[in-house]
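The values are calculated or read from the model by the stated rules, or taken from the named source; none is laboratory data. Keep in mind the model is a prediction, meaning the values are calculated, not measured. Because the Cβ atoms are built from the backbone with ideal geometry, glycine has one as well, and the counts that use them run over all protein chains shown. We work out accessible area using only protein heavy atoms, side chains counted, and drop any ligands, DNA or RNA first. Shrake-Rupley method; radii C 1.70, N 1.55, O 1.52, S 1.80 Å.
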Amino acid sequence: MFKVQRGYDGMVTKTFRLPEVLVEKLLVIAGKNELSLNKLVIQCLEYAVENIDEDDLPDEMSAND
C-alpha cells in the first residue's frame, strides 16, 4: 500500500509535462495530506519504481542477477 511520507534530501531539478486531470487529482491528495505537490509526486514515482514489473527493468537493475 502507498503511504504518504514527508522530507527528502539531495534534490535535482527536472521538468516534466503532466496531464491536467492528473495534476488536479494529485493536488487534491497533496492538500488532504498537507504536503507539497512535489513531495507527493516523488513518493508516487518511488512507489512505481519499487513495484515495476521485473521484465521492464534493464538487466543491471534486475533482482534476478
For segment 6-60, listing chymotrypsin sites (Phe, Trp or Tyr not before Pro) in a DSSP loop whose Cβ sees at most 11 other Cβ atoms within 10 Å gives 8, 16
Here D for segment 22-65, in µm²/s, from Stokes-Einstein with a Kirkwood Rh over Cα pairs at 25 °C and 0.890 mPa s, works out to 204 µm²/s
Result for the chain: accessible area per residue, probe 1.4 angstrom, in square angstrom, of 91 Å²
Under the 7 Å Cα-to-Cβ spin-label approximation, residue 26 and residue 14 lie apart by a distance in nanometres of 1.2 nm
On the accessible surface of the chain, probed at 1.4 Å with all protein chains in place, carbon and sulfur together account for a percent value of 54 percent
